[in-house]
Amino acid sequence: MFVDEATINVRAGNGGAGCASFRREAHVPKGGPDGGDGGRGGDVVLEADQSLSTLLDFHYRRHFKAERGTHGKGSQRDGAEGDDLVLRVPVGTVVRDRETGELISDLSHHGQRVVVARGGRGGRGNRHFVTPTRRAPSFAELGEPAEERWIELELKLLADAALVGLPSVGKSSLIARMSAARPKVADYPFTTLVPNLGVVGAGERSFVVADVPGLIEGASEGAGLGHAFLRHIERTALILHVVDLSGGWEQRDPIADIAVIDAELAAHAEELADRPQIVLGNKVDADGAREASERVAAWAEEHGRPYFAVSAATGEGIESMVRAVGERVHALREEAAAAEPTYEGVYVYEPADERTITVTRAGSREYVVTGGTIERMVIMTDMNNEDAVAYLQQRLARAGVEDALREAGARDGDTITIGPVSFEFETTGTGGTSDG
Ligand SMILES: Nc1nc2c(ncn2[C@@H]2O[C@H](COP(=O)(O)OP(=O)(O)OP(=O)(O)O)[C@@H](O)[C@H]2O)c(=O)[nH]1
Ligand SMILES: [Mg+2]
């Protein structure tokens, strides 16, 4: 179907740094620690919005950045949080991580939100690091760097209704009459090779209609252009079943034609047989068509299907048919919306391997340790401050880094690299796997 694509770069806001400061009191040279925390950086969020219909905006601008958090200050003043950046995309947008190809989200409902890049946490001020043995922590945490990634957006426009019928019954002619779509029309079968979509204006109630290639007997088993197109119909709420009322190039019984299509739909998927249908008797302008129309009308009434006699050629009957289809589509949409869960929560995309610790041997006495969570611990540490480094060492041990290194064969004195930092391996004896 109609596909619109864009690739964009999203960067959340960095967290602000925590502050290391001490209360000033008249008689005490150094009061208690009172450094405020850094503010959280803003997230980049995608939100589905039904008033939008294309991804065109993202073709002109490709880099999007949320606001950073500000740094904490003395006297327990915390930094301000950065604002989230909310990017609105059309309903039907599928989001993927460009690097891994991983599906991040399928934004199929108005208001649905997904965080595609998380803002960095603010660093904690020094007052958080007080322990019985460390009364005056001289360090604070740095802010957490924000996430940044390239994501791919793909818009899949879904049709509300699909024009279905045998070849040459006039499906493409009808979509051309109903909308601005201009598909190829010809009086030989299988003129339409790919589905066409058209937006039909029906007062306030515009809807999207699909014109798919003609189906023939055996389509559900792969005859003709078969299967691929039945798949497109699966997701449309309403079937506009088009039948040819004209005598055509051979004697044809429109009611038998309807039965052929019904059988193919049912053979493809049980629920297609129960899908709401409106029957459109087309070519009512042709010789002998009125009589055929009356018979189809009687049959349709008997089977509880609305029926309209139309002519794509002269325009007869089109207006009232479009109005009725618009109303039906609207009712079906409301039904579907009522059945939908509401989207209040926000899904946050987290690559799966954040907590995994991987040790790679890089030389005879050199190891590289990777893992999102522990790399962040390192990045948030002020390496110029001895106390901060000692604290980091304990956290890493508790997170299981020491155990993992030892398992990989590391011995005291080996060089260990985590993120941008290298240091010497030294056992703390803190061990264990509780949180860090
Ligand atoms: N007289 C008359 N001819 C029509 C009408 N609608 C379509 N036709 C003719 O029927 C033939 C087939 O029309 P298409 O619109 O290509 O039919 P289709 O169902 O899209 O055909 P496929 O794509 O091959 O499945 C063309 O020659 C049209 O001009 C109509 O209302 N009246
Ligand atoms: Mg066609």
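Side notes on the structure shown:
- Residue in segment 84-95 that is assigned to a loop (DSSP other than H, G, I, E, B) and at pLDDT 95 or above present: yes
- Top-ranked residue of segment 185-224 - restricted to ones that are acidic (Asp, Glu) and loosely packed, with under 13 Cβ neighbours inside 10 Å, ranked as modelled with the highest pLDDT: 187
- Scope segment 166-180; condition out of contact with any Asp or Glu (no Cβ under 7 Å at 6 or more places or on another chain), part of a loop (DSSP other than H, G, I, E, B) and more than 10 Å from ligand 2 (Cβ to nearest atom); matching residues: 179, 180
- Boolean, residue 163 is within 16 Å of ligand 1 (Cβ to nearest atom), at pLDDT 90 or above and either surrounded by fewer than 23 Cβ atoms within 10 Å (Cβ to Cβ) or assigned to a helix (DSSP H, G or I) (or both): no
- Filter pass, residue 187 being among the acidic types (Asp, Glu) and without any contact (Cβ under 8 Å) to a residue 24 or more places away in the chain: yes
- Within segment 327-346, tally of residues that are at pLDDT below 75 and not small (Gly, Ala, Ser): 6
- Taking the criterion of being modelled with pLDDT under 95 and not in a loop (DSSP other than H, G, I, E, B), the residues of segment 50-72 that qualify are 57, 58, 59, 60.
- Test: residue in segment 290-297 that is part of a loop (DSSP other than H, G, I, E, B) and either at pLDDT 95 or above or not basic (Lys, Arg) (or both): no
- Residues of segment 298-315 that are touching a strand residue (DSSP E or B) at 6+ places or on another chain (Cβ under 8 Å) and either over 20 Å from residue 274 (Cα atoms) or not assigned by TED's automatic domain parsing to the domain that holds residue 169 (or both): 309, 310, 311, 312.
- Residues of segment 120-165 that turn out to be within 16 Å of ligand 2 (Cβ to nearest atom) and under 22 Å from residue 6 (Cα atoms), as a count: 1
- Scanning segment 254-296 for residues that are surrounded by 21 or more Cβ atoms within 10 Å (Cβ to Cβ) and more than 14 Å from ligand 1 (Cβ to nearest atom) yields 258, 265, 268, 277, 279, 296.
The values are calculated or read from the model by the stated rules, or taken from the named source; none is laboratory data. Because the structure is a prediction, the values reported are computed rather than measured. Cβ coordinates were reconstructed from backbone atoms using ideal geometry, including for glycine residues, and neighbour counts include every protein chain displayed.
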